[in-house]
Structures are given as structure tokens and as C-alpha cells.
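No value in this document is a laboratory result; all are computed from the given coordinates. Here the structure is a predicted model, which means the values were calculated and not measured. Cβ coordinates were reconstructed from backbone atoms using ideal geometry, including for glycine residues, and neighbour counts include every protein chain displayed.
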Amino acid sequence: MEHFLSELTPLVNVYGLWIVFFGMMVEGTTMIIATGILCYLGMLSFGSAFLVAILGAIAGDQLWYFLGKRYAIKLLDYFPSFKPRVEKLENSVQNKGALLSFSGRFIYSGAILFPMTLGIYKYDHRTFSIFDTLGIMLWSFLGISLGYVLGTSAELIFGKLEKVWHFVLILAFIIFIAWVIKKYLLIKKH
């Protein structure tokens with residue numbers, strides 16, 4: 001375990017904030033909680049990680065917004081079955097665009113779907129940016145704090161040197177159980 005941490009620490013010290021930045025652009029939930037755990041372990045500072053997480057999430061959401069605005073309609077031509085679903089969202093975008101902008105990171109798959117949909121319907125970019133940034137700031141603080149708390153809880157339960165491995169094993173076990181439930185226990189549509 002000490003060997004693993006001794007190899008991981010220099011990598012995180014050099015590339016940790018870059019990993020957080022780019023990780024936040026494409027996948028937020030796991031990245032933000034992992035960032036909190038790294039803050040707890042002392043590998044990242046909370047302040048720097050918080051700021052970089054916000055910047056990465058904003059950059060990602062802006063990217064998805066502009067991709068939606070510029071290219072999504074053309075892509076929908078290749079997937080005609082999705083077109084009616086996207087068209088149904090138009091009223092929601094116009095009536096609840098600020099709420100969608102704010103809450104995108106709090107809803108599973110919303111971090112990509114909401115900005116892209118708002119871009120497709122050319123929702124006001126300034127309003128999107130303001131509410132998106134406010135939502136990202138709250139979400140980043142809560143997510144990093146949750147990861148930090150998970151790190152402290154793991155230390156109390158598993159001890160200082162083994163906390164990372166136990167956390168990884170528990171997380172892997174939970175993901176495996178969720179996969180089994182989804183694949184084999186939920187009613188399949190035929």
C-alpha cells in the first residue's frame with residue numbers, strides 16, 4: 001500500500017490538477033468525489049482543486065453547449081429515432097432553461113445532455129452561462145466535500161494506510177453489484 005501511494009503521489013503532484021480539469025469536462029461525478037478524496041489525502045489542496053474543478057466543468061459545459069448549437073441537429077439526421085425526443089424538450093428549454101442550466105451537474109447524464117440540448121434550441125447563452133456557473137460552483141463544493149468526508153470515514157473505518165485500497169475495493173464491489181442488478185435482476189424489455 002505504501003508503495004502504491006509513493007508512486008501515486010508524484011503523479012498527482014505533477015498532473016493532479018490537469019486530471020481534475022479534463023476529468024470535469026467529460027465526467028463529473030466520479031471525478032469530483034475522487035478529487036475530494038485526494039484533497040483529504042493531502043495530495044491536492046482543497047482551494048486549488050475547487051477552483052480547477054469549477055473551471056473544468058465550465059469549459060466542458062460550454063463545449064457541450066456550442067457542440068449542441070453547431071452540430072447536434074446534423075447528428076440527429078443520422079439518428080432519426082432521437083429526433084422526436086429532442087423535439088419534445090423544446091418547451092422545457094424555453095420555460096425552464098435556467099433551471100436546466102443550474103441543475104445539469106446534479107442529474108445523472110445532465111452534465112452533457114442539458115448543455116447540448118440548450119445549445120440545440122439556442123437558449124440564451126448568457127443566461128445559460130450564469131446559471132450553469134452557479135450550479136457548478138455549488139455542485140463542486142458539495143462533491144469535493146463529500147469525497148473529503150468519504151476519505152475521513154474510510155480512515156476511521158479501515159485505518160490510515162489501507163484506506164485507499166479499501167475504498168477502491170468497496171467502490172468496485174458497489175459498481176459490480178449495480179451492474180448485476182441492472183443486467184440480471186431488473187425486468188428486461190423484449
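List of remarks:
- Relative contact order of region 2-163, pairs being alpha-carbon contacts under 8 Å that are 6 or more residues apart, as %: 32
- Difference of contour (0.36 nm per residue) and Cα-Cα distance, Thr29 to Ala59: 9.2 nm
- Computed from the Kirkwood radius of its Cα pairs, the Stokes-Einstein diffusion coefficient for region 2-163 at 4 °C and 1.567 mPa s stands at 77 µm²/s.
- Ascending count of other beta-carbon atoms within 10 Å, so fewest first, for Ile73, Ile136, Ile54: Ile73, Ile54, Ile136
- Sorted by Cβ density within 10 Å, fewest first, the residues Arg105, Arg126, Arg70: Arg126, Arg70, Arg105
- Residue order, fewest to most beta carbons within 10 Å, for Tyr71, Tyr65, Tyr108, Tyr121: Tyr108, Tyr71, Tyr121, Tyr65
- Cα gyration tensor, region 27-112 - rounded (a/c under 1.5), prolate or oblate: prolate
- All other residues whose Cβ lies under 14 angstrom from that of His125 are scored, Lys and Arg at +1 and Asp and Glu at -1, for a net of +1.
- Lysine-lysine proximity count for region 2-163, Cα under 30 Å, sequence distance 8 or more or distinct chains: 13
- Each label point was placed 7 Å from the Cα along the Cα-to-Cβ direction; for Leu67 and Lys88 their separation is 2.4 nm.
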